[in-house]
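A short write-up of the structure that comes next.
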Amino acid sequence: MNEPGIWLPQASSEAAATDTILIALLVVSSAIVLLVAGLITVFAIRYRKGSPASREPLPSIFARDVEFGWTFATLGLFIAIFAWAASQNITLAHPPAARMEIHVLAKRWMWKVEHAGGQGEIDELHVPAGELVELIMQSEDVIHSFYVPAFRVKQDVVPGHTERLRFTPEKPGTYHLFCAEYCGTDHSRMIGRVVVQSPEEFAAWLTRQPQEDDLAKSGRQLFVRFGCAGCHEGQASVRAPRLSGLFGAPVQLADGRTVTADDAYVRDSILQPKRDIVAGYDPVMPSFAGVVSDGEIAGLTAYIRALRAPADGGVY
Amino acid sequence: MSDIPLRDVRLETDPHVGFETSYLGEGFSLWSWLTTTDHKRIAILYLISTTIFFFLGGAAAVLIRLELFTPQGDLLTAEAYNRTFTLHGVIMVWFFLVPVIPTVLGNFLLPLMIGAKDVAFPRLNLFSWYLNIIGGGLAVAAMLAGGVDTGWTFYTPYSTIYSNGHVSLTAIGVFVAGFSTIATGINMIVTVHTLRTNGMRWFRLPLFVWAIYATSLIMLLSTPVLAMVLVLIIAERLFGLGVFNPDLGGDPILFQHLFWFYSHPAVYIMILPGMGVVTEVITCFARRRVFGYQFMVYALLGIAVIGFFVWGHHMFTSGQSMYASLAFSMLSFLVAVPSAIKVFNWTATLYRGQITWEASMIYALGFVGLFTMGGLTGLFLASVPVDIHVHDTYFVVAHFHYIMVGGMVSAFFAGLHFWWPKITGRLYPEFVAQIAAGMMFAGFNLTFFPQFILGNLGMPRRYYAYPPEFQVWHVLSSAGAVILAFAYLLPMAYLLWSLIWGKRAGDNPWDASGLEWQTRSPPPKHNFVEAPFVSEDVYDYHPENAPRGSGADDRRYDDRDIAGEKADAAESGRRHRAAETPPATAQARRASKTREPSDGEGR
Ligand code: HEM
Ligand SMILES: [Cu+2]
Ligand SMILES: [Cu+2]
């Protein structure tokens, strides 16, 4: 990653088009700023109090004509810039029929991606270079905004709406993914990366990805490896709640609240166990923040989700 | 105005007597201040309250910049940071930027400038100060009780369903303050319509008055929408209404439409008064009639009107229809045209002037430069493809700070320095003030210019921790903020100092035109001892060495010469001139020239 320097890489076809307009605006604006600053400086020196410069009445062109002149010049210039910038939108609004659709679910504070083949990713998006990609995005809670600076694209994800975002990645590499719409406490942690791969690499990557079942299987391994099983299963010495049937069910908390065990709850339980203590248990579960990665949390969650009915326990 | 006593003869012999008979001497008890209906004393109340809010908001800004010095979130927690920037935004927008110029300078000067004894509704004026204080008190109480973490924009459904801060209390505070704004707006509009003194025609009004007038129109028309949207937020939080809640069939985007329908016009509430101030200052220190007076008036009104139709440019990425986006984009380009005209006219006003660099002039020219940059970056944001990239990044943060802090706050300081001698009767140390003005300009640019680069590099706003690649620009910005903070504290110090040790200002230390300079400093309770009569055009400055009888500009009206008639009017005007004799030079200058009809004449 490490993109920022002084100018971002142009990693999508939109990037180049946007930059062209941006640079044109930069040139026009700099010219106007220099003109205004230059005139102020020149006048301030030439017409400083008591200087010998002439204070004859203004030349006759300096009348209403000048005023009309620069009004219409500005108007014309601004309308021209508008029309030029607008033309890019109009082109983008009519996409070719062939495009790769990827579903994105935004929620506090993560991006869940699901490829057409069922491959899932968290806070990460793999896309092939040179292909038109369309993200179909929904939000589970508040407004988020999917922003990839290197692509110059951004789309708010509004709950209750289905938003679409199209772009054509061009340059292989790894780029920042940010949530650009303020969404609460960990807004600044709702970040990830977008990996642009060559079509071949991307195809290989897709086949390597575990599907949801595989995710749960790997989750089972993690459950043992991180020692969760030591407390949450069998004849543990510590008293900890069984997790079978937990997912999707209401949980009574020690402070009287009742919450539904969803992805966010499981995630919180792992990262900030002291926040929601289950009624009747001691707060002895350690925090795994910084120990398990987001991907591993997804695996653990998939495993816990798969433990729906008590009888299912230990299927994997 | 026959009820006003004739002028106090003592004043003519001893200029140092006067304080007791000025508005400041009307009463010294706290009670006399808290129950005053004198527009000038109410302006002082507002000056004190807005200054307190400014430093409160400023303290939050310091915390924000300190946190962003390093990429990790080390100084504040995420929660605390979110509460800090919300406090900063809410206080600065609604309790400083919106009220400050209309209620402090506008209150003090508008009646003086049009030759009135007071505003149209003096008691409403006091009431609106109380509303402002109650609103501010509620908002600050919410902040102290644990804060709000929605940002000043209160976007739904975060603010209505998810936020656990004191959203309702803050919203009530802003709601109450909104009525204060509306009351001030009504007061100003009615005052300008009904209380102009004899001879003060519409096109003789100083542009500051026009600016306050245009601002008041916007306040009156847009603030009720804010009130409405805040009530909906409160209702949704307290009673579970579903106007914005998608789970109940509501739409979060509706909130954005309503909010920006108020808030875009509100940004013009924040800038138009500043434009008025700098016009007064630049004409005075360039000693020129403003270039294109009428265009300046039409530009103000044009901005006020078109400003109501551009709100959708805040929503280009919200999923709004492309056609809507393009329409809003075009209207946003249009609204920039009158802004550009104003910049050109200020610049042209300098041409063939007699320019001096008093502190207020430095602030005012700083305003022109920084406003130009803010306005031009507005064009970037008005171009849909570019905005899609930089929306909700530091580019937007830089854009609006260039206009609101670089522009509006500079304009406020320009005005505060320019009229300080009138308000207090004292002069501040000019050289220190010039240093402070220069520092503010430099510190401002160092703080906010790097943010344009940050934004274009993709740094999102409202992040308390960020990828380390961005750090160098954040460090520059934080360094600038230190200079800026110092530059804001400095005037506080020397202005207070001048209250006691400052030299007496005299009535017209800048040799400025305008009715407010023709009464005493500080002005008496009813402003003028005798109702002034206006016979000449506004900004009647001429180059001191202009040949007798030559006009400064706009000579095209010569064919409609009505000089004889004007000379008579001028004569009677001088006889009826207010309070005190203008300083000798000004008097000589006035007497030695033939009045030239200009732009605004005879409309
Ligand atoms: C000269 C014409 C102007 C144009 C064309 C313009 C354009 C824009 C646009 C398009 C945005 C939306 C950016 C985004 O969120 O992506 C914006 C944001 C903003 N502008 Fe301007 N602007 C202009 C003048 C002003 C003025 C005079 C002020 C204030 C005094 C102002 C204050 C703001 C503020 C506060 C925001 C950001 C609001 C927020 O999201 O918190 N602008 N401007
Ligand atoms: Cu976010
Ligand atoms: Cu706007």
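Every number in this text was worked out from the coordinates using simple rules, so none of it is lab data. Note that this is a predicted model, so its numbers are computed, not measured. Heads up, the Cβs are rebuilt from the backbone with ideal geometry, glycines too, and the neighbour counts pull from every protein chain shown.
By its C-alpha gyration tensor, with a ≥ b ≥ c as the square roots of the eigenvalues, how is segment B:19-501 shaped: rounded for a/c under 1.5, else prolate for a/b larger than b/c, else oblate? Because its axes are fairly even, with a/c under 1.5, segment B:19-501 counts as rounded.
Taking Cα centre as origin and charging only the Cβ of basic (Lys, Arg, +1) and acidic (Asp, Glu, -1) residues, the dipole magnitude of the protein assembly as shown rounds to 2240 debye. Neighbouring Cβ atoms from other chains, within 10 Å of the Cβ of residues in B:258-266, number 0 on average.
Taking amide H atoms as placed 1.01 Å from N in the peptide plane, the amide H of A:S145 lies under 5 Å from those of A:V157, A:A180, A:E181, each 5 or more residues away in sequence or on another chain. Working note: Karplus 6.51/-1.76/1.60 with θ = phi - 60° gives segment A:162-177 the couplings 10, 9, 10, 9, 10, 7, 10, x, 10, 9, x, x, 10, 10, 5, 10 Hz, where Gly and Pro are set to x. Relative to the dominant Cα principal axis of chain B, helix B:410-424 is inclined by about 40°. Taking label points 7 Å from Cα along the Cα-to-Cβ direction, A:T260 and B:W497 give a separation of 6.5 nm.
Taking the charge dipole of chain B about its Cα centre, with +1 at Lys and Arg Cβ atoms and -1 at Asp and Glu Cβ atoms, the residue from B:M361, B:Y213, B:V231 reaching farthest to the positive side is B:M361. Peptide B:77-87 shows a mean partner chain C-beta count of 2 within 10 Å per residue C-beta.
Arranged by the count of other C-beta atoms within 10 angstrom, fewest first, what order do B:H313, A:H232, A:H187 take?
Details: B:H313 24, A:H232 18, A:H187 28.
Exposure proxy ranking, most exposed first: A:H232, B:H313, A:H187.
Averaged over the residues of peptide B:341-351, the number of Cβ atoms from other protein chains lying within 10 Å of each residue's Cβ is 5.
Relative contact order (percent) for chain A, with alpha-carbon contacts under 8 angstrom and 6 or more residues of separation?
Details: 473 pairs, mean separation 47.7, N = 316.
With pairs under 8 Å counted, the relative contact order is 15 percent.
Each Lys and Arg Cβ is given +1 and each Asp and Glu Cβ -1; about its Cα centre, segment B:19-501 then shows a dipole of about 1420 debye. Relative to the longest principal axis of the C-alpha atoms of chain A, give the angle of the C-alpha long axis of helix A:294-306, reported between 0 and 90° and rounded to the nearest 10°. So the inclination is approximately 40 degrees.
Against the main long axis of the alpha-carbon atoms of chain B, helix B:471-501 sits at an angle near 30°.
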